[in-house]
Amino acid sequence: MHHFHYKDGEMYCEDVPVRTIAEAVGTPFYLYAHATLVQHFNAFDGAFEGTRHLTCFSMKSNSNLSVLKLFAGLGGGVDIVSGGELFRALRAGVEPKKIVYSGVGKRDEDLRFALASDILMFNVESSQELMRINDIAGSMNRMAGIAIRVNPDVDPKTHPYISTGLRENKFGIDIREAPEQYAVAAGLKNIEVLGVSCHIGSQLTEVGPFVDAVAKLMELVEELAGAGIPVKFLDLGGGLGITYDREEPPHPREYGGAIKEMVSPSNLTLVFEPGRVIVGNAGILVTEVLYTKSTPEKNFVVVDAAMNDLIRPSLYNSFHAIQPVRKTGREKLEADIVGPICESGDFLAKDREIDALEPGELLAVMSAGAYGFSMSSTYNSRPRAAEVMVRGDRFHVIRKRETFEDLVRGEEFPDFLLNG
Ligand code: LLP
């Protein structure tokens, strides 16, 4: 249940007609259903009931302050990858001790910020990073809690990873080298070894690869315990997929069932970093048709949202369903849905069958709650879209549409241009 549904041919988000919001806010805008956000967070978190665990929402998928605040209120933490994300998390009221920090390129000032904020742990991705964290923690007279992010080398051939599996190589430390790195870590004065972590990929639609990864991680946990390096946390990252088109990913319950069984004899606290599975289908991008045109080759529907608003189709050739905000029952045609940006790669859908459209009509780009706004840019000097949250019969603009002034904020003319 995504809480985007039709009543008398008109699309609603919870109890609010999408059109009403478009009239008040203008287009394009991202629209999130509070009920779906809550439902999906609880479905994931609830899948691990009875097991000590912490759900750290992966905020790279959607970093709006209100979205973060909502999950913090439900007891969630966050997975961060930058100082900027830490800033947002703290601003939204996320408890520092529920923050885990991943990423291959953590900068000194970001490490200092995270240490000063007293976050739960750093997921360390290289031996150099481990040393850097120890040095900086030492200079601040603090202890840094760490997990080593291991690359469990789960065979991608037997499990078709969608999108990221093969690109993960820069991440983590090879699981075979992990024991040695843990031994080093355990000997460092300002490092406290807290956990083992991994993240094997995104948009996974089977439980199998997770199970394989957990099996390998549990072996490592035991080996470490044997070496006198017990860990408290097992961080399994994110990656559970969603339905964009016809995918049939496992329900979090199924994922939870498989994992809980494997770790239940231990005293480990499980950490998860889900992003897409919580917010992906909780958001849509609403856009207006500007023009329709036909060439001898194709039909085009030109809309006012573009690759700067939602880059997933251009970047990954991702499928997003596109639905009319008002059903017209007109004849269907096949068309490319494209934005105004001056690039052929600027499309939201290719060769898509849709009801014929007229300028001024609204379309909803579905499943846009994850990696939508958070990956947006101002390319072509297009102000970033507004973000709106609906709860019941109310809606609120949780991020204003950017203005032209916002576009030039921080830009300055040098003397040599001003004085000839
Ligand atoms: N933890 C780590 C360390 C990650 O790198 C990621 C995603 C996650 C958690 C969350 O994964 P999720 O549960 O959302 O699958 N921009 C791409 C997705 C990139 C994912 C990067 N890492 C897209 O639009 O499909």
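The values are calculated or read from the model by the stated rules, or taken from the named source; none is laboratory data. Just so you know, these numbers come straight off a predicted model, no measurement behind them. Cβ sites come from the backbone with ideal geometry, for glycine too, and all protein chains shown count toward neighbours.
Computed quantities for the displayed model
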{"item": "Count of segment 140-185 residues which are on the phi > 0 side of the Ramachandran plot and modelled with pLDDT under 95", "result": "3"}
{"item": "For Y12: the one exception among (1) more than 16 Å from the ligand (Cβ to nearest atom); (2) touching a residue at least 24 places away in the same chain (Cβ under 8 Å)", "result": "(2)"}
{"item": "Enumeration of residues in segment 254-285 that are within 16 Å of the ligand (Cβ to nearest atom), β-branched (V, I, T), within 20 Å of K216 (Cβ to Cβ) and part of a helix (DSSP H, G or I)", "result": "I259"}
{"item": "Restricting segment 349-379 to residues that are among the hydrophobic types (A, V, I, L, M, F, W, C) and out of contact with any Lys or Arg (no Cβ under 9 Å at 6 or more places or on another chain), the residue that is nearest to E334 (Cα to Cα)", "result": "A349"}
{"item": "Residue that is out of contact with any strand residue (DSSP E or B) (no Cβ under 6 Å at 6 or more places or on another chain) and surrounded by 17 or more Cβ atoms within 10 Å (Cβ to Cβ), where the choices are N317, N299, N267, N281", "result": "N281"}
{"item": "Selection within segment 375-405 - among the charged types (D, E, K, R) and either under 24 Å from Q39 (Cα atoms) or under 25 Å from the mean Cα position of the chain (by Cα) (or both)", "result": "R382, R384, E387, R391, D393, R394, R399, K400, R401, E402"}
{"item": "Among the candidates E288, E247, E219, residue that is out of contact with any strand residue (DSSP E or B) (no Cβ under 6 Å at 6 or more places or on another chain) and away from the ligand (no atom under 14 Å from the Cβ)", "result": "E219"}
{"item": "Considering residues of segment 332-348 that are of a type in the set (D, E) and touching a Lys or Arg at 6+ places or on another chain (Cβ under 8 Å) only, the residue surrounded by the most Cβ atoms within 10 Å (Cβ to Cβ)", "result": "D336"}
{"item": "Residue in segment 351-365 that is within 16 Å of the ligand (Cβ to nearest atom) and closer than 23 Å to N299 by Cβ present", "result": "yes"}
{"item": "Subset tally (residues that are assigned to a loop (DSSP other than H, G, I, E, B) and away from the ligand (no atom under 16 Å from the Cβ)) for segment 307-329", "result": "4"}
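Residues are listed down the side, and each one gets a yes or a no for (1) hydrophobic (A, V, I, L, M, F, W, C); (2) within 24 Å of Q203 (Cβ to Cβ); (3) touching a residue at least 24 places away in the same chain (Cβ under 8 Å):
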| residue | (1), (2), (3) |
| --- | --- |
| P296 | no, no, no |
| F300 | yes, no, yes |
| D304 | no, no, yes |
| F319 | yes, yes, yes |
| R326 | no, no, yes |
| E331 | no, no, yes |
| D336 | no, yes, yes |
| I341 | yes, no, yes |
| S344 | no, no, no |
